[in-house]
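Structure, as C-alpha cells:
What follows is calculated from the coordinates using simple rules that are stated; it is not laboratory data. Computed from a predicted structure; not experimentally measured. Cβ coordinates were reconstructed from backbone atoms using ideal geometry, including for glycine residues, and neighbour counts include every protein chain displayed.
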Amino acid sequence: MPSKLEMSGKSVSLVTLLGRWPATRLYFQWGKAHASRFMSLPSELRRYIPSVNVLLKQDALVSALSNCPRWAVVQETRKVVDEIREGAIPLVHEKSEVQKWRAELGERIASRAKRAAMYSLRHVINGTGVVLHTNMGRALLAESAIEHMVMVARNYSNLELDLESGERGSRYSHVSDLICELTGAEDAIVVNNNAAAVVLTLSELAKGKEVVIARGELVEIGGSFRIPEIMEVSGCKLKEIGSTNRVHLSQYEAAIGEETALLLKVHTSNYRVIGFTKTVEVPELVPLAKEKGVLIMNDLGSGSLVDLTRFGLRHEPTVQEALAEGADVVTFSGDKLLGGPQIGVIAGRAEVIARLRRNQFLRALRVDKLTLAALEATLRIYRDTKDPVVDIPGLRMLNLSAAELEIRAKTFAEKLSAGTGSNARISVLPGESLVGAGSAPATGLPTFLVSIRSTRPAAQIDTELRDMTPAVMIRIVDGDIVIDLRTVAPREEQQLLQALTTILT
C-alpha cells in the first residue's frame, strides 16, 4: 500500500488524510494519548512476563483456588499480567529473584481474588459513634422486623390479596391502619423514600400551580437534592418569601394568589439557624389556609414517633404533633428516627391521601414486600410493646448513658492493651456521639471513646481495618484512632477486638 496519496497534484500523507475526518481523528488522538501505556515495557523484556498458567501454579493461588471461586482467581491473575505488561507492576527477570517475585505476585493475586469474590454489600462494624450513619445504611432493623422479612421472603404472602374475600387487595393496607393508629392521621400510604413522598405529593396537589415556602426552608438534603429542584421536577411553581432567617405571617398572606395551591413547610432537620430568627409555624398558617382555600403540607424529613428529649437531645417535632397542628398532609422517612426500612410515609387527611392513591405515579414509587414486612413489624413494636426503645436498635443506642459507655470503653481498652502490649498506647477519653442522617443537628450525646495511638500511621491502620472481614469504620482525631462503642453492638465487640489486635501487633 502506498504511503502517500496524490490529491490535486500534491502529496498528502495517509495520517494527514485520515486526520481530516472527525471520527478518525478521535481514534488517532486516543492512540497517541495511550501509546505510552502499551509501550511502557520494552519488547525485548516481554518474553519474561509470566503467563496466567504459570502464576496459577504459585502456592498462594493453588490455595486460593480451593477457597475462592475460580473466576475470581483467574480474573485477578489476568489483571496482574496486564499490569506487568503495561508497566504498572515492575517486571523482575533476574533468575535469582524470579521465584520470589512470582510468589509475591501469587499472594497479591490471592488477596485481590478474595476481595473480588466478596459480596459488595457486606457487614461493617460502625465505630464512629454516628448512630444513623447514611453511608452505612442508617437505621438498624429490630430483630422482629428481620424475622418477619425472612418469613415473607421465604413464602408466598398476601401482598395484594384480601384473605377475607379472596379478591385482590391493596399492599398499603398492611401498614396504613398502623400508621393512622400511631400518628392520628386519617389515612396514609408509603413510597420508597421521603424524597419520593415529597415529589408525589407536590405533583398531585400543586402541579402547574404555585407553592409558597419560606426562603429559610429551601433545604438541600443528601446527594445534592434540593427543594427548588424537587418542586421543578414535580411541575410546581416556586414562590419563596421572607429572608434566610426571618419570615412573617403577613408575607404568607401577601403571597397567596389565584394560582396558589399549597403552603409548604419544610422542617430544617439537617441544620439549625440561630440568632435573630423568626418562623411561622403550622398552627398559625391553618386559619389563613382555610380562609384562602389552599392546602398545607409539612415535610418533617426525619420523622420520629418518640420525644427525643428523653435521650437528652433537643426537642424535634414528632409525627403525632405535626398532624395535630393541622397540616393537611405530613411526609417523613422510615429509616431514620423511626428505626425501620428505607421508606417515605405520607399521612394526613383522607381526601388528600385518596387523591395520591389515584395518581399513576404512585405505582412507579411503590415499595416491595420485604420493605412492607419490615415496616409493619417496626410499627407493631410501637403499638404493642411497653417501650419501643428496648427493641429498636437506633433508639436503644441513643438511650445509652455516658456511664454505661465508660464502663464498656474501659473494659474494651483493658482487653486491647493486654493483646497489643507496647505496640499501642490505649486510653479512654470523654467525647460526643452524633445522631446522624440529618437528624437533631448541632446536638451531640456525651460518650466515652477508646483512643489508640500507634507507631504506625493512623491512615494506614484505617485502610487495613476497612479491608478486614467484617470491615471496621473508625474516626481519626489528631493522629489517633478513635472508637465510640455506642454504635458497636455487644455481639461485635469480640470481632472488633480481634481486628484491632491483629493489625496493631
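So how do His174, His133 line up by other beta-carbon neighbours within 10 Å, fewest first? Intermediate values should be presented prior to the final figure.
Details: His174 21, His133 18.
So the residues, fewest neighbours to most, are His133, His174.
Which pairs, out of Lys290/Lys336; Lys386/Lys410; Lys265/Lys336; Lys336/Lys386; Lys114/Lys415; Lys209/Lys290, put more than 26 Å between their alpha-carbon atoms? Lys290/Lys336; Lys386/Lys410; Lys114/Lys415, as the Cα separations exceed 26 Å there. More than 23 angstrom separation, counting every C-alpha pair in the range 143-389; what % is that? Of all Cα-Cα distances in the range 143-389, 50 percent exceed 23 Å. Taking amide H positions as modeled 1.01 Å from N, with prolines and chain starts lacking one, the residues under 5 Å from Val477 and 5 or more places away or on another chain are Val482. Exposed loop sites were defined as trypsin sites (Lys or Arg not before Pro) in DSSP loop states (anything but H, G, I, E or B) carrying at most 10 other C-beta atoms within 10 Å; in the chain the longest segment without such a site runs 123-385.
Can you put Met136, Met473, Met231, Met151 in order, fewest other beta carbons within 10 Å first?
Working: Met136 16, Met473 19, Met231 24, Met151 12.
By the 10 Å Cβ count, ascending, the order reads Met151, Met136, Met473, Met231.
Summarising the amide proton neighbourhood of Leu140: residues at separation of 5 or more, or on other chains, whose placed amide H is nearer than 5 Å comprise Gly394. Each of the chymotrypsin sites (Phe, Trp or Tyr not before Pro) that DSSP puts in a loop and that has at most 11 other Cβ atoms within 10 Å breaks the chain; the longest unbroken stretch is 277-505.
When only DSSP loop residues count, what GluC sites (Glu not before Pro) in the range 95-164 have their Cβ near at most 15 other Cβ atoms within 10 Å? Please list the in-between numbers first.
Working: sites: Glu97, Glu104, Glu107, Glu143, Glu147, Glu160, Glu164; in loops: Glu160, Glu164.
Sites meeting the loop and neighbour criteria: Glu160, Glu164.
Here the translational diffusion coefficient of the range 356-493 follows from Stokes-Einstein with Rh set to the Kirkwood radius across Cα pairs; for 10 °C and 1.306 mPa s it amounts to 88 µm²/s. Calculated on the alpha-carbon coordinates, the convex hull of the chain measures out at 278 cubic angstrom per residue. Of the residues Thr201, Thr447, Thr134, the one with the fewest other Cβ atoms within 10 Å heads the list, and the complete ranking is Thr134, Thr447, Thr201.
Could you tell me the convex hull volume per residue, in Å³, taken over the Cα atoms of the range 162-232? All intermediate terms of the calculation are to be shown ahead of the outcome.
On the way: hull volume 10.6 nm³, N = 71.
Convex hull volume per residue, Cα atoms: 150 Å³.
Using 0.36 nm per residue and subtracting the Cα-Cα separation, the extra length available between Asp387 and Arg108 on full extension is 95.3 nm.
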